[in-house]
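This report concerns only the one structure given below.
The values are calculated or read from the model by the stated rules, or taken from the named source; none is laboratory data. Because the structure is a prediction, the values reported are computed rather than measured. As a convention, Cβ positions derive from the backbone with ideal geometry for all residues, glycine included, and neighbour counts pool all protein chains shown.
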Amino acid sequence: MGRVAEFQKRGAVHFHAIVRLDGPGGPEDIPPAWASVGPLTDAITAAAGRVSVPVTAAGEEPARILRWGDQVDVRPIGTDDGQELTEQAADG
């Protein structure tokens with residue numbers, strides 16, 4: 001999985017993450033028929049809504065819990081027709 005974190009002007013962190021859907025033998029193996037964009041999108045969206053990370057207090061900053069925001073945008077960027085994965089495609 002590839003990922004990039006960007007700090008927005010308002011101070012929020014914005015993430016781009018690439019999640020691959022490989023077959024059981026690895027990247028050169030096609031995924032099973034049930035493993036498609038739909039179920040992967042559902043899994044990513046569900047995970048983003050449930051995950052949290054507790055952060056301890058540091059200096060004057062209080063303890064807090066970090067979570068994903070409401071804006072989760074899952075898009076397929078690779079295709080079966082051999083389209084090359086580029087930095088522009090991953091940047092959304």
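If I ask for residues that are in contact (Cβ under 8 Å) with a residue 12 or more places away in the chain, part of a strand (DSSP E or B) and exposed (fewer than 12 other Cβ atoms within 10 Å of the Cβ), which ones from the stretch 16-53 would you list? Residues satisfying the conditions are SER52, VAL53.
Out of curiosity, is ALA58 out of contact with any strand residue (DSSP E or B) (no Cβ under 9 Å at 6 or more places or on another chain), at pLDDT 90 or above, of a type in the set (Gly, Ala, Ser) and exposed (fewer than 11 other Cβ atoms within 10 Å of the Cβ)? Spelling it out, ALA58 is indeed out of contact with any strand residue (DSSP E or B) (no Cβ under 9 Å at 6 or more places or on another chain), at pLDDT 90 or above, of a type in the set (Gly, Ala, Ser) and exposed (fewer than 11 other Cβ atoms within 10 Å of the Cβ).
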